[in-house]
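J.: Dropping the structure in here first, questions after.
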Amino acid sequence: MLELEKFLSRVKSKMSNVYVLSLAVFLVWMLFFDNTNFITTFKLNSKLNNLEKEKEYYEENIQQVEKDRKELLSNTELLEKFARERYFMKKESEDLYIIVDHTE
């Protein structure tokens, strides 16, 4: 109990100092009440990291799509295969049968 009283008296003497009290109020204000407080800054940094990861993902997808596009435009057989599979196109002398799987 004696140690607690010593600690409290030390804290009380430190808190009576105007500069320490001002610093404590300033820190509390900056950590919790300011527009750029610690919690908001942490959330914004987390959101920024997630957005940067999404940006990298989409940039990789764009590169892959551009590569596939160049391949399609340079190879007529591949373009024909793509058109048949994706858009169900056919030649005039062919018949087209679409098989639908109802289990999905």
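The values are calculated or read from the model by the stated rules, or taken from the named source; none is laboratory data. None of these values were measured; they are calculated from a predicted model. Heads up, the Cβs are rebuilt from the backbone with ideal geometry, glycines too, and the neighbour counts pull from every protein chain shown. SASA here: full protein model, heavy atoms, side chains in, ligands and nucleic acids out. Shrake-Rupley method; radii C 1.70, N 1.55, O 1.52, S 1.80 Å.
J.: Go through GLU77, GLU60, GLU71 for me and flag whichever is at pLDDT 80 or above and exposed (fewer than 10 other Cβ atoms within 10 Å of the Cβ).
T.: Checking each option against the conditions leaves just GLU77.
J.: Residues to consider are VAL100, VAL65; find the one that is β-branched (Val, Ile, Thr), farther than 30 Å from VAL25 by Cβ and surrounded by 10 or more Cβ atoms within 10 Å (Cβ to Cβ).
T.: VAL65
J.: List the number of the failed condition for LYS12; all other conditions in (1) in contact with a Phe, Trp or Tyr (Cβ under 6 Å, 6 or more places away or on another chain); (2) open to solvent by 100 Å² or more (accessible area, probe 1.4 Å) hold.
T.: The number of the failed condition is (1).
J.: Right, LEU4: part of a helix (DSSP H, G or I) and exposed (fewer than 10 other Cβ atoms within 10 Å of the Cβ) or not?
T.: Yes; evaluated as a whole, the condition is true for this residue.
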